[in-house]
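The structure appears below as structure tokens.
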Amino acid sequence: MNVMIAMSRPQSADTISSILAGSMEIHTAFAQNDLQKQLTAKGDKLDYLVVDEELYQNTYPWFWISNLLQATSPNTKLIVIISEQTDSLYKEIIKRLALDLKFSIIPSLLTLDELAKEIRARVLNKPVVKEKADKGKVISFMSSAPKDGATTIAISAAYTIAAKTNKKIILVDLNLKSPEIRDHLGLKMDKGYSVIQADCDSGSLDSNMLLRACDQDKSFGNLYILTGIQRREWAEKFTLEEIESLIKVARETFDLVLIDIHTFPDQAATVKVAKEADERYVVVQPIVTSYQSSWHDWFTNVWHHHGFSEKDFQLILNRDSKEAMSTFSIERSMGTKIVANVPNVGNGMGIKAINEGLPLVMTDHEEVTPFKQSIEEFCLGLASRLDIELDGSTQLRGKWYKRILKRG
Ligand SMILES: Nc1ncnc2c1ncn2[C@@H]1O[C@H](COP(=O)(O)OP(=O)(O)OP(=O)(O)O)[C@@H](O)[C@H]1O
Ligand SMILES: [Mg+2]
């Protein structure tokens with residue numbers, strides 16, 4: 001099998017070639033001229049031509065794609081790797097061209113290892129076998145539009161489950177643009193992701209390092225909290241590889257990994273977490289700006305291009321007022337199911353909870369009871385799907401009560 005890999009980054013092409021070597025004969029090109037020269041010499045002998053779109057950054061896709069097809073034999077199969085820099089309109093155009101000109105596409109935001117496996121699967125015509133993580137499950141929480149309540153729900157779920165099981169749980173703040181778990185829980189700045197960022201980046205992170213970077217609430221020996229970064233402007237600088245190594249070690253160390261991610265899938269952290277997650281929750285409010293505009297725009301223009309369907313997400317309807325939008329209309333608009341209805345807690349108690357660093361779910365106030373009940377119901381369903389046995393609610397109340405006494 002004769003395969004040409006054309007990428008603008010020689011290091012990436014070399015890594016991929018070395019992963020693929022053995023099963024096929026690999027040629028590489030790192031610039032447009034170089035590729036053109038090689039195609040003139042041996043374009044008609046290639047079985048596959050794999051081209052990273054980044055190589056043609058300033059050229060309209062219909063020009064370079066038709067040139068490449070002309071420079072190869074009709075039997076050569078063209079595979080285009082979509083660049084993460086490409087805007088959604090061009091992604092749409094390339095998809096359309098792929099149908100018309102009969103080439104295939106590999107979506108952006110894959111690690112080099114994933115990319116190599118994807119290329120091998122296409123060339124050898126065998127599906128990618130995803131290694132099944134048999135340890136901790138990963139659950140992601142994001143808001144459909146900012147401030148819909150993802151952090152509130154993620155924290156509530158973490159505390160509720162932690163109080164009802166001895167399983168080891170970590171709550172991770174990878175909402176890099178609004179890392180607010182620290183504020184919600186009134187935690188200090190000396191721990192968190194920044195402590196282990198270099199180790200995630202180099203792939204040297206281990207369980208002990210991760211545990212040391214976590215905060216812990218003394219009332220819950222099994223609940224660990226990894227707070228986020230303070231440099232919010234670094235959100236886009238995070239790499240797929242560093243998120244992958246954090247998730248891998250978190251899975252090995254914990255039974256349940258709950259991750260809070262940002263609404264905007266315009267960065268590796270959000271997309272990578274969603275890809276890795278065993279279940280993905282979108283917290284949505286019954287407001288048109290949330291269940292309609294924000295979701296549609298981000299889903300159609302970004303999530304969809306990363307290979308997600310609406311059904312890959314499940315909805316948590318937050319601040320469900322019962323009289324605003326019906327469940328059915330929201331489900332129809334978002335193309336997927338609501339699995340939990342969480343009521344609004346009135347009297348500004350949500351804001352008060354954050355200002356006091358004591359999450360809503362841990363306040364022992366009558367007004368919060370329906371909120372707690374709905375979270376508990378959601379957690380029972382989640383835990384049973386994950387084969388985690390939860391105790392009854394008496395123990396939960398006891399633990400919370402003790403904690404409140406402690407704080408008081
Ligand atoms: N069910 C609820 N009842 C009352 N207040 C709530 C409820 N859910 C969330 N809130 C409040 O709404 C505000 C936003 O919630 P939260 O910070 O969880 O949103 P978010 O989606 O995580 O925001 P971001 O987009 O910044 O990540 C907070 O003040 C929180 O206390
Ligand atoms: Mg948040």
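Any read-out appearing in this document is the output of simple, stated calculations on the displayed coordinates, not a laboratory observation. Source: prediction; values computed, not measured. Positions of Cβ are generated from backbone atoms using ideal geometry, with glycine treated the same way; all protein chains shown enter the neighbour counts.
FRET efficiency for the pair ASP87 and GLU366, taken as 1/(1 + (r/R0)^6) with r the Cβ-Cβ distance and R0 = 60 Å, rounds to 0.75.
If each residue of separation counts as 0.36 nm, what is the full-extension length gain between SER23 and LYS77 once their alpha-carbon separation is subtracted?
Numbers: separation 54, 0.36 × 54 = 19.44 nm, distance 1.71 nm.
That pair, SER23 and LYS77, stretches by 17.7 nm at full extension.
Provide the gained length on full extension for the span VAL128 to LEU99, in nm with one decimal, where the gain is 0.36 nm per separating residue minus the Cα-Cα distance. Mind dumping the intermediate values first?
On the way: separation 29, 0.36 × 29 = 10.44 nm, distance 2.23 nm.
Result for the pair: 8.2 nm of gain on full extension.
The longest stretch of the chain left intact once loop-based GluC sites (Glu not before Pro) with at most 12 other Cβ atoms within 10 Å are removed from consideration, loops following DSSP, is 132-322. The reciprocal of the average 1/r between distinct C-alpha atoms defines the Kirkwood hydrodynamic radius, which for the stretch 91-232 equals 18.3 Å.
List the trypsin sites (Lys or Arg not before Pro) in the stretch 64-141 that DSSP assigns to loop (not H, G, I, E or B) and whose Cβ has at most 10 other Cβ atoms within 10 Å. Which are they?
Details: sites: LYS77, LYS91, LYS95, ARG96, LYS102, LYS117, ARG120, ARG122, LYS130, LYS132, LYS135, LYS137; in loops: LYS102, LYS130, LYS132, LYS135.
Here the sparse-neighbourhood loop sites are LYS130, LYS132.
Each label point was placed 7 Å from the Cα along the Cα-to-Cβ direction; for ASN347 and SER326 their separation is 3.4 nm.
Could you tell me what percent of the DSSP beta bridges with both partners in the stretch 137-407 are antiparallel, to the nearest 5? Walk me through the numbers before you get to the answer.
Working: 2 of 30 bridges.
Taking every DSSP beta bridge with both residues in the stretch 137-407, the antiparallel ones total about 5 percent.
With equal scatterers on the alpha carbons only and no solvent term, can you work out the Debye log10 of I(q)/I(0) for the stretch 2-124 at 0.16, 0.21 1/Å? Cα-only, vacuum Debye calculation for the stretch 2-124: -0.71, -1.31.
Determine one quarter of the surface area of the Cα convex hull of the chain, which equals its mean projected area, and express it in nm² to one decimal. Please report the intermediate quantities before stating the final value.
Working: hull surface 83.6 nm².
About 20.9 nm², averaged over all directions.
Reported to the nearest whole Å, the Cα centre-to-centre distance from the stretch 263-335 to the stretch 220-242 is 22. Considering only PRO359, PRO74, PRO343, the mean-square fluctuation computed in a Gaussian network model of the chain, springs between alpha carbons under 10 angstrom, is largest for PRO74.
Centre-to-centre, using Cα atoms only, the stretch 350-385 and the stretch 136-205 are separated by 16 Å. SER326 sits among other residues whose Cβ lies under 12 Å from its own Cβ, and their net charge, with Lys and Arg +1 and Asp and Glu -1, is -1. Our compactness index for the stretch 191-293, the C-alpha radius of gyration over the empirical 2.2 N^0.38 Å, is 1.16.
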